[in-house]
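Okay, so here's the structure we're looking at.
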Amino acid sequence: MGILHLPSFKAGGAVVKMVPNPSKGNSCRADLVLTSNGSYKDKVYLNVGVYPYLAIKMIRPYGAGKLQGNIKLDTQYGAYLENSGSGSNKYTILDGAETPGSPEVYYYDLQKKMLLEMDRINLSILFSKTEPEEIKTLQFVMADFKEANGSNTEYTVYWVRTFKTIEDLKAFVENEKH
């Protein structure tokens, strides 16, 4: 896990500075932790049956005009869609395209199954669809960003929210423009 740094705030977003790790080839990391191992005083609950879409609006780190690094949604059940690779960059982009240096809305369908391998047995995990569920770990792992060109060492988060439908998400984003 990256070193904890408090964000600064500018232009309506929280700016998170990433720290290079010399033992990892100066690769930068700074996770956005919403809750970790249930250790926070205020508990976090998700009701995936009602609000199945988790979205984040952010400017992703980039360098030399290209996107780089990995973003992984991590839960107490493991990384989102880790069964189809490492779980990195498994989000959907609301408008379908990423533009380096621009705010984008990334979302995750929390109704999708996540497969875990434990003692060589595949377990299929779904968040509860019938009642609110306490979320003990929910974080965006922001890793493997190379230190270069200055802009790579920070990201800006504007909001993290859940939505009932993609249409609700689109309406919320459209309403932000006005």
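When you go through (1) surrounded by fewer than 18 Cβ atoms within 10 Å (Cβ to Cβ); (2) modelled with pLDDT under 90 one by one for T153, which number turns out not to apply?
The failed condition is (1).
In the stretch 70-89, which residues are at pLDDT 80 or above and crowded, with 20+ Cβ neighbours inside 10 Å?
Within the stretch 70-89, I71, K72, L73, T75 qualify.
When the residues of the stretch 17-52 are filtered to those that are more than 16 Å from the chain's Cα centre (by Cα) and under 21 Å from T165 (Cβ atoms), which remaining residue is surrounded by the most Cβ atoms within 10 Å (Cβ to Cβ)?
V48
Residue by residue through the stretch 53-69, note down the ones that are farther than 20 Å from G12 by Cβ, at pLDDT 80 or above and surrounded by fewer than 21 Cβ atoms within 10 Å (Cβ to Cβ).
Y53
Take the residues in the stretch 52-80 that are of a type in the set (S, T, Y) and part of a strand (DSSP E or B), then tell me which one is farthest from N26 (Cα to Cα). Before the answer, list the steps.
Here is the first cut: in the stretch 52-80, the ones of a type in the set (S, T, Y) are 53, 62, 75, 77, 80.
Add one more test, that the residue is part of a strand (DSSP E or B), and what stays is 53, 62, 75.
Working: Y53: 34, Y62: 15, T75: 26 Å.
Filtering first and then ranking leaves Y53.
The values are calculated or read from the model by the stated rules, or taken from the named source; none is laboratory data. These figures come from a predicted structure and were not determined experimentally. Neighbour counts run over all protein chains shown; Cβ positions are idealised from the backbone, glycine included.
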